[in-house]
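Okay, structure first, notes after.
No value in this document is a laboratory result; all are computed from the given coordinates. None of the values given here were measured: they were computed from a predicted structure. Positions of Cβ are backbone-derived with ideal geometry, glycine not excepted, and every protein chain shown enters the neighbour counts.
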Amino acid sequence: MKPPRRLHIKSYGCQMNVYDAQRMVDTLAGEGFVETANADDADLVILNTCHIREKASEKVYSELGRLRVMKDEAARQGRQMSIAVAGCVAQAEGSEIIARAPVVDVVVGPQSYHHLPELLARAERDGRALEIEFPVRDKFEFLPPPKPETIRARGISSFVTVQEGCDKFCTFCVVPYTRGAEVSRPVTKIVDDVRRLADHGVREITLIGQNVNAYHGEGPDGRIWPLGTLLRRLADIPGIARLRYSTSHPRDVDETLIEAHRDLARLMPFVHLPVQSGSDRVLAAMNRRHTVDDYRRAIDRFRAVRQDIAFSSDFIVGFPGETEEDFRATLALVTQIGYAGAYSFKYSPRPGTPAADLQETVSAQEMDERLERLQELIDSQQSAFNKAMIGSTVEVLFERAARNPGQIVGRTAYLQPAHVMASEEIIGQVLPVRIQSLERYSLLGELTALPQSRPAPTVFSTPSEMTTGA
Ligand code: 5AD
Ligand code: SF4
């Protein structure tokens, strides 16, 4: 038997990349690869890249510089190290990577991960291999499911892709080009995936997609199901305690989704609903296809059915043409909505997007200032939201042993980390916790109910909260 080969994957960017990295591990497990935490002793290193902003993209080339040194060192020791670039930079700049970085053996776009074994063989034979097509067949049909022990090792919270790509074409965004047109997976496939995860200890599922609430997958009844109907079906699967979904577009908030929040206790009352700007003028220039008022109305519809619902969002400051007045409108919207948290970014022109042709009007210094003002406001809302938990009793889904001995950490409905002193048997359980204090972003508390006795799964990891899309 051949010894196992070691695989190291470094992922950048969004939840979809975290999920895709796992699918690549599952695909390559069939080829005798096992994961290693270190790049330097790996036989194959995959950089799973992000193209959303310039900063994210630049990381690829500096990382490839470091990998070249490691690859040379491996060769000196008589070992072969292969290097693959996957993800959205691979999709957007595939041929350029091949030309610019001779160290790279394989370039593979996000729609072709099931071809990785073939591409590695081709690289071995021909020196290099590149695949960045959008194939006609759904890659999910060919991606092998994870093994039971792999599911357990990955912990009690799992992502499941239900939709990929985006048809919205916001003028600043690369997603429609790197991830392609919107495609939804059929309901039965998703149900099978979730069942399998639940059978092996997963308690929380986050449905992911670049524009997840545009989901329109084929249902078992032959009709097209929207996201709300899918969530209703998944809420019935035994073992699943919590459901989430990300990332949503304000325009695609339909009645089935609102009704799902009204009716499903397992659907967490925490919604990531990016708005990008609080100015109608900027929203139009961004081609967001919604106004500030449409956004407020969408928020109100959620709030009408679930009083305890909280929101997070994404913002871009310094979009071409954004005036101080436009920016103030963003601050006013944030003040009015009141977020539990939000991500904010400086506008970064992306080659090939319509906005890249617009004259930039906001200086680097103004952009920095606006970002700082916005982040200050968001931070104050986030701390107020977290502080408001002190003294209340909230349900926590426990995930893993914390760094401090004796402590177990889990998450509230709003994804806040919460720590208690308890034994590891509470891992995987949802239990009420009286919150006593707040330390930076972590809540500390005590259990108010005794855990049920049941064997706990073994090793745990926390999902990334970085988002992409919508
Ligand atoms: N510049 C800055 N931020 C961007 N985002 C997407 N494209 C850009 C860009 N060109 C942000 C949006 C999106 C999040 C994932 O990244 O806020 O919602
Ligand atoms: Fe699509 Fe979101 Fe990108 Fe707009 S920002 S194009 S909705 S992924």
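Whole Å is fine, so just give me how far the alpha carbon centre of the stretch 254-286 lies from that of the stretch 15-92.
That distance is 34 Å.
As a test of the formula, what do you get for the chain when each DSSP H run with n ≥ 4 contributes -39,500 (n - 2.57) and the sum is divided by the residue count, at 222 nm and rounded to the nearest 500 deg cm²/dmol?
The helix-only estimate for the chain comes to -11000 deg cm²/dmol at 222 nm.
I'd like the Kirkwood hydrodynamic radius of the chain, using the inverse of the mean 1/r over distinct C-alpha pairs, in Å.
23.5 Å
With the crude spin-label approximation of a point 7 Å out along Cα→Cβ, what separation in nm comes out for R296 versus R262?
Taking the two extended label points, one gets 2.3 nm.
Given N residues in the stretch 120-210, what is Rg(Cα) / (2.2 N^0.38 Å)?
Values: Rg = 16.4 Å, N = 91, 2.2 N^0.38 = 12.2 Å.
Normalised Rg, Cα atoms only: 1.34.
Mind giving me the FRET efficiency for E376 and E124? R0 is 51 Å, r the Cβ-Cβ distance, nearest 0.05 is fine.
Efficiency computed from Cβ-Cβ geometry: 0.45.
Grab the alpha carbons of the stretch 253-293, take their convex hull, and tell me the volume per residue in Å³.
Per residue, the Cα convex hull of the stretch 253-293 comes to 80 Å³.
Could you work out how far apart the two model spin labels at R289 and Q407 are, taking each label as a point 7 Å from the Cα in the direction of the beta carbon, and quote it in nm?
4.5 nm
From the alpha carbon gyration tensor of the stretch 39-113, can you work out the equivalent ellipsoid semi-axes (sqrt of 5 times each eigenvalue) and give them in Å, largest to smallest?
Equivalent ellipsoid semi-axes, largest first: 22, 12, 10 Å.
Would you mind working out the magnitude of the charge dipole of the stretch 169-248 relative to its Cα centre, with +1 at each Lys and Arg C-beta and -1 at each Asp and Glu C-beta, to the nearest 20 Debye? Could the numbers behind the result be given before it?
Details: 11 positive and 8 negative charges, 27 e Å.
Magnitude of the dipole: close to 120 debye.
Which aspartates and glutamates does K189 reach when only Cα atoms under 19 Å apart count, and residues fewer than 8 places away in its own chain are ignored?
Those aspartates and glutamates meeting the cut-off are D20, D26, D138, E141, E164, D199, E204, E218, D221, D236.
Give the Debye-formula value of log10 I(q)/I(0) at each listed q (0.21 Å⁻¹), with one equal scatterer per alpha carbon of the stretch 220-339, two decimals each.
-1.14
Using 7 Å Cα-to-Cβ label points, what is the E324/A364 separation (nm, one decimal)?
2.2 nm
How would the stretch 49-168 be classified by its alpha-carbon gyration tensor: rounded, prolate or oblate, with rounded meaning a/c under 1.5 and the a/b versus b/c comparison settling the rest?
Cα axes put the stretch 49-168 in the prolate bin.
Dipole magnitude of the chain about its Cα centre, charges +1 at Lys/Arg Cβ and -1 at Asp/Glu Cβ only, in debye to the nearest 20?
900 debye
How high is the relative contact order of the chain, given as a whole-number percent (alpha carbon pairs under 8 Å, six or more residues apart)?
Values: 961 pairs, mean separation 58.9, N = 470.
Computed value for the chain: 13 percent relative contact order.
With r as the distance between the Cβ atoms of A75 and R281 and R0 = 45 Å, compute the FRET efficiency 1/(1 + (r/R0)^6) and round to 0.05. Write down the numbers at each step before the final one.
Numbers: r = 56 Å, r/R0 = 1.25.
The formula returns an efficiency of 0.20 here.
So which lysines can K55 reach, going by Cα to Cα under 17 Å and dropping same-chain residues fewer than 8 places off?
The reachable lysines, counting only those whose Cα sits under 17 Å from K55, are K10, K346.
Antiparallel as a % of all DSSP beta bridges within the chain, to the nearest 5?
Working: 25 of 67 bridges.
Taking every DSSP beta bridge with both residues in the chain, the antiparallel ones total about 35 percent.
Find the cysteines in the chain that fail to meet the 4.7 Å Cβ criterion with every other cysteine, and list them.
C14, C50, C88, C166 - these cysteines have no disulfide-compatible partner (Cβ-Cβ under 4.7 Å) in the chain.
Can you report the principal axis dimensions of the stretch 415-454 using only the alpha carbons, biggest first, rounded to whole angstrom?
For the stretch 415-454, the Cα spread along each principal axis is 32, 16, 15 Å.
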